[in-house]
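Comments concern the structure below.
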Amino acid sequence: MKTFANANAKDLQHAVKLSQAAQSAVFVGGGSDLLGMVKERIVTPDVLVHLRTMKNPGVFHTPHSTTIGGQTTLDEVSRMFQKDYPVLAQAALTVATPQIRNVGTIAGNVTQRPWCWYYRNGFKCYKAGGNTCFSITGENQFHAIFGGGPSFIVHPSDTAPALVALDAKFHIVGPGGERVVPASEFFILPKQNAGHENVLGPHDILASIELPVLPPGTISAYDKVMDREAWTHAVVSAAVVLEMDKDICRSAKIVLGGVAPIPWRVPDAEKMLVGQKVTPELAAQVGEAAVKGATPLTKNAYKIPLTSATVKRTVWDLVKA
């Protein structure tokens, strides 16, 4: 492990200044993923800027929105939003283990780096500053079937698809002050920047997440398929948010996880629900529409029927509940 210094941030602006003053710095919230990457020399900072030493604003409500401080733990998110934002609470509850959720933060979950085994094992891929994606001709069972190229990683966050489905806004603090970015514009495809997964600059912090108050009749759910029962990322996941008027769907958001380098929205599938009474047959058609345009690699075509079935099940289970 490379020798590094520790710096404790007093507030967000102080954290940014500490980062700017270092030759190479990274921000640490819960640290469950980052410290392992430092140990394995996947990242080699000179300074770790600790954010948990700041006062976290926690969660606060207005008549129009709910704001979650970036250092709010996943355990807190999973418990606090079961009523108002069940899709987010369920997503947070699926992350790793209780021990990780007790320390891991929502900002950290949203901004974590990919878990592609080539990147995590020291290959000089696009994510590590190289110019190759080894998964194209290698082990690609868990890689992208949507939006890939030149890198085919999948975004690892469970909470990110839920936040996109909820039309969240991300408040970012950096050297230029604060800016607000819609969750749908926060994540970037490899064709935009193969080395990054989001719009954060090297000294930017995801400070908080703002959620709109949902219309009456809104129901939501998150479903996640894993290759084992715990401590793993989604092979396929679906975040579904429906605004219902009795048994008629007035609006729909469906965002997939585990299948693309960003949370992957499927607007054509969403449109099929709007103005309709949701039936098992319609849910099956929506599942089929959700995988239109998928382009699997050599070993991950199984994700297409798995994604279709996950969307079908999530939509129908949510409506019939």
### Task
Tell me which residues, restricted to segment 222-234, are outside any strand (DSSP E or B) and either surrounded by fewer than 22 Cβ atoms within 10 Å (Cβ to Cβ) or not hydrophobic (A, V, I, L, M, F, W, C) (or both).
M226, D227, R228, E229, A230, W231, T232, H233
### Query
Can you pull out the residues in segment 238-260 that are within 15 Å of T307 (Cβ to Cβ) and not in a strand (DSSP E or B)?
G258, V259, A260
### Query
Quick one: which of T73, T111, T66 is under 20 Å from H203 (Cα atoms) and among the hydroxyl-bearing types (S, T, Y)?
T111
### Task
Kindly indicate which of I248, I254, I219 is in contact with a helix residue (DSSP H, G or I) (Cβ under 6 Å, 6 or more places away or on another chain), at pLDDT 95 or above and surrounded by fewer than 19 Cβ atoms within 10 Å (Cβ to Cβ).
I219
### Query
Just for segment 310-321: of the residues that are surrounded by 19 or more Cβ atoms within 10 Å (Cβ to Cβ) and among the hydrophobic types (A, V, I, L, M, F, W, C), which one is nearest to Y85 (Cα to Cα)?
L318
### Query
From the residues in segment 261-271 that are outside any loop (DSSP other than H, G, I, E, B) and not aliphatic (A, V, I, L, M), which one is surrounded by the most Cβ atoms within 10 Å (Cβ to Cβ)?
W264
### Summary
Wholly inside segment 10-124, strands (runs of 3 or more DSSP E) that include 1 or more residues that are farther than 30 Å from V240 by Cβ and in contact (Cβ under 8 Å) with a residue 24 or more places away in the chain are 25-28, 47-50
### Summary
Here the qualifying pairs (Cβ atoms under 8 Å; residues six or more apart or on different chains; first in segment 179-202 and farther than 19 Å from G149 by Cα; second surrounded by fewer than 17 Cβ atoms within 10 Å (Cβ to Cβ) and modelled with pLDDT of 95 or more) come out as V181/V199; P182/D167; A183/D167; S184/D167; G201/P175
### Task
Return only the number of the condition from (1) within 30 Å of F152 (Cα to Cα); (2) at pLDDT below 95 that N109 does not satisfy.
(2)
### Query
What do you reckon, is A238 buried (at least 19 other Cβ atoms within 10 Å of the Cβ) and free of Cβ contacts under 8 Å to residues at least 60 places away in the same chain?
no
### Task
Just give me the residues in segment 273-288 being crowded, with 20+ Cβ neighbours inside 10 Å and either assigned to a helix (DSSP H, G or I) or at pLDDT below 95 (or both), in sequence order.
L273, A283, V286, G287
### Query
Quick one: which of T53, T97, T73 is at pLDDT below 95 and either on the phi > 0 side of the Ramachandran plot or among the hydroxyl-bearing types (S, T, Y) (or both)?
T97
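The values are calculated or read from the model by the stated rules, or taken from the named source; none is laboratory data. Computed from a predicted model, the values in this text were never measured in an experiment. As a convention, Cβ positions derive from the backbone with ideal geometry for all residues, glycine included, and neighbour counts pool all protein chains shown.
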